[in-house]
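One structure below.
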Amino acid sequence: MKVLAAAFLVACFFPYTQFLPIESYTQPYALALAIPLFVLQGRAVLGSIPCGDALALLGLAFFGTVAFLMDCTPLPDSQELKYLLIYVAPLVQTVAALVVIARYRQMTLTILTVAILVWLAVGLVQTFIDPNFATSMIGEWQDTGEVSMQSGRGVLGLAPEPTHFGFHMIVLAAIVTVLHGSRPIAWACVVGALLLARSASAALTLVLGSCLFVLRMPLKYRLPILAGLLASPFVVFMLLERIDPESSRLLYLASTFLDEPGAILGIDFSVNTRLGGLIATMRDSFDNFLLPHGLSHAAWLDHSRAILSRFTWLFDLSDNGPPSGFGIVIYQLGIFGVLVLYRPITRLLTTPVVSFEQILVLAAVWVFVGQYFISTPGYSLLYACAIYAAMRARETTVEHAPATGDVAATLSRRSG
C-alpha cells in the first residue's frame with residue numbers, strides 16, 4: 001500500500017510528465033493509481049468524511065455521467081471522454097488522496113517538498129542555461145520552451161506551457177500550507193510562479209487571493225494592507241525587468257491595467273482568450289438562466305461560434321470548451337453544476353489556515369476559476385487536504401472507532 005501511495009503522489013505532483021509515451025496534455029497516471037485505492041477504501045472514506053463533501057463528489061460524478069450518456073453515446077469522441085473525466089476523476093482521486101493523507105501524511109509532505117524542489121530546479125536551469133532542458137518529458141509540447149522565452153513569457157518547467165507551470169506551483173503552495181509544511185517551501189512556489197513561469201494568470205490569482213484575505217480583516221487594516229499587497233506584484237515585475245529586460249510582458253500588462261482596466265482584454269491574445277473567454281461564457285450561461293448545455297463537443301463548437309458573434313471584442317474561444325475549470329462544469333451542467341461545486345468551493349475558501357499563508361489557499365481557488373480543469377490531480381489533492389484539515393480542526397476524542405476499515409477509523413477520529 002505504501003508503494004502504491006507514493007507512486008500516486010508522484011503522479012499527482014508531476015501531472016504532465018510522460019513516464020510512458022502517452023500523447024495527452026495531462027497524463028492519466030494519477031487516475032490509474034487512484035482506482036485501486038478507491039476500490040479498496042472508497043466506501044469507508046465516503047462514509048467517514050462530512051456528508052456535504054461526500055454528496056458533492058458523488059453528485060458531480062452522477063450528473064456528469066448522466067449528461068455524458070444523454071449527449072455523447074453511443075460513439076463519444078476523444079474530447080467528450082475528457083469531459084467525462086472532469087466529473088469522475090475528482091471522486092476517485094479525492095478519495096485516494098484522503099486514504100494517502102490519513103495514513104502517510106509525513107510521507108506526503110516529504111514527496112511534495114522533493115517534487116517542488118525538482119520543479120524549481122528545472123525552471124532555474126531553463127531560465128539561466130537552456131530553455132529546452134527536460135522538455136522532452138512533456139512530449140509534443142517540448143519545442144515550445146525556447147519560443148515561449150523569446151516571446152517574453154516564462155519557462156515551461158515540466159508543464160506544457162508557462163501558465164500551467166505557474167498554476168501548478170500555486171496549487172502545490174496551497175497544499176503545503178494546508179498540510180502545515182515548510183513555509184519557505186510554500187513561498188518558494190510563489191517565487192517560481194512569478195519569476196520562472198512569469199505567468200500573468202498566476203499573478204492574477206495571487207492578487208485576487210490577497211483581496212479575499214484582506215476582506216476578512218478588520219476594516220481599519222484593510223486599505224493599507226490591500227494597497228501593499230496590490231503593489232507587491234509590481235515590485236516583483238520591475239525586479240524581473242531589471243534581471244531580464246526582454247521579459248517585460250507582465251509589467252506591460254500590469255501597467256496597462258492600471259492606466260485603463262478595460263483595455264487589458266484588447267492588447268494581449270492570451271489574456272483575451274483566457275480571461276475574456278471566461279467572462280463571455282459565464283455571462284452567456286447566466287443569461288440563459290443556468291440551463292445545462294450538455295457534454296456534446298459538436299454542440300460546444302456550434303455554440304462557441306454564437307458566443308464569438310455576440311461578444312465581438314472576444315478574439316477566439318478554445319475548441320475544447322470554456323476556459324475555466326469551474327466554469328466548464330457550470331456551462332455543461334447549468335444549475336446542477338452550481339449545486340455540486342458549492343461545497344468544494346466553500347470548503348476551500350474556509351480551510352482553517354490561521355496565518356498569512358491563507359492567501360495561497362485562496363489564490364488556489366482562483367486557479368480553478370481559470371483554465372485549470374478539476375480533472376487534474378492537483379485539484380483532488382487540494383480538496384482532500386482541505387477536508388482532512390477541517391476534520392482535524394474539529395477533532396474530539398472517540399472511544400470506539402467504527403469497524404469499516406482503518407482509513408475510515410482514522411478519518412472518524414479526526415472528525416469526531
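Criterion applied to 34, 56, 97 was being surrounded by 22 or more Cβ atoms within 10 Å (Cβ to Cβ), touching a Pro at 6+ places or on another chain (Cβ under 6 Å), over 19 Å from residue 164 (Cβ atoms) and of a type in the set (Gly, Ala, Ser), and the one residue passing it is 56. The helices (runs of 4 or more DSSP H) found wholly in segment 168-245 and carrying at least 2 residues that are on the phi < 0 side of the Ramachandran plot and modelled with pLDDT under 90 occupy 200-215, 219-243.
Across segment 250-299, the number of residues qualifying as at pLDDT 85 or above, over 23 Å from the mean Cα position of the chain (by Cα), in a helix (DSSP H, G or I) and of a type in the set (Gly, Ala, Ser) comes to 2. Go through (1) assigned to a loop (DSSP other than H, G, I, E, B); (2) of a type outside the set (D, E, K, R); (3) touching a Gly at 6+ places or on another chain (Cβ under 7 Å); (4) under 26 Å from residue 343 (Cβ atoms) one by one and return the number of the condition residue 18 breaks. Result: residue 18 passes all but (4). Among the residues of segment 49-63, are any of a type in the set (A, V, I, L, M), in contact with a helix residue (DSSP H, G or I) (Cβ under 8 Å, 6 or more places away or on another chain), closer than 19 Å to residue 386 by Cβ and assigned to a loop (DSSP other than H, G, I, E, B)? Yes, segment 49-63 has at least one match.
Looking only at segment 63-84, filter to residues that are of a type in the set (A, V, I, L, M, F, W, C) and without any contact (Cβ under 8 Å) to a residue 12 or more places away in the chain; which one of those is surrounded by the fewest Cβ atoms within 10 Å (Cβ to Cβ)?
This residue is 75.
In segment 305-346, of all residues being polar (S, T, N, Q) and surrounded by fewer than 22 Cβ atoms within 10 Å (Cβ to Cβ), the one that is nearest to residue 24 (Cα to Cα) corresponds to 320.
The values are calculated or read from the model by the stated rules, or taken from the named source; none is laboratory data. In this text, all values refer to a predicted model and were calculated from it rather than measured experimentally. Please note: Cβ atoms are built from the backbone with ideal geometry, for glycine as well, and neighbour counts cover all protein chains shown.
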